[in-house]
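Peer 1: Here it is, the structure in full.
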Amino acid sequence: MAIMITDECINCGACEPECPNTAIYEGGIEWSWAGGTTLKEVTLPDGSVIDATEKQEPVSDEFYYIVTEKCTECTGFHEEPQCAAVCPVDCCVDDPDHRETEETLLEKKVFMHGE
């Protein structure tokens, strides 16, 4: 599964530097696949291929957000999700809409970092 940031977020930004996948962005900020990864291009679910540096629409305009497709719950890096560990208001929680096995999370890590 992935982690999500709830609307209880106080926009402190403590979570952002902790993410080894650069999957956390400030509200309103565009994101890219390449940020914090070794990716050069990405094949999307529809089969199209995009440049990994291409800017993507923000997931939220109000609060910090986590890009689900880049979140590995810190699997392969840490014992627990670091965003949740440092969040002062406990708003980094499991996303019930995006459940993934540990194997899938490790595959995402390898996909993004080549390790």
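Peer 1: With a 10 Å Cβ neighbour count serving as the proxy for reagent exposure, in which order, fewest first, do Val86, Val110 appear?
Peer 2: By the 10 Å Cβ count, ascending, the order reads Val110, Val86.
Peer 1: Compute the acute angle (0 to 90°) between the alpha-carbon long axis of helix 102-113 and the principal axis of greatest extent of the alpha-carbon atoms of the chain; round to the nearest 10°.
Peer 2: Around 70 degrees separate the two axes.
Peer 1: Same structure, new question: Relative contact order of the chain: what whole-number percent is it, with Cα pairs under 8 angstrom and at least 6 residues apart?
Peer 2: Contact order relative to length: 39 percent.
Peer 1: With only Lys, Arg, Asp and Glu charged, each at its Cβ (+1 for the first two, -1 for the last two), find how big the charge dipole of region 33-86 is about the Cα centre; round to the nearest 20 debye.
Peer 2: So the dipole magnitude of region 33-86 works out to roughly 180 debye.
Peer 1: Taking θ as phi - 60°, what are the ³J(HN,Hα) couplings along region 51-58 by the Karplus curve (6.51, -1.76, 1.60), each to the nearest whole Hz, with x for Gly and Pro?
Peer 2: 5, 5, 8, 4, 6, 10, 5, x
Peer 1: Given the alpha-carbon gyration tensor of the chain, what are the semi-axes of its equivalent ellipsoid in whole angstrom, ordered largest first, with each equal to the square root of 5 times an eigenvalue? Don't skip to the answer; put the middle values down first.
Peer 2: Working: eigenvalues 93, 58, 30 Å².
They are 22, 17, 12 Å, listed from largest to smallest.
Where a number appears in this text, it was derived from the coordinates with a stated rule and is not lab data. Everything numeric in this text was worked out from a predicted model, so none of it was measured. For neighbour counting, all protein chains shown are included, and Cβ atoms are generated from backbone atoms with ideal geometry for every residue, glycine included.
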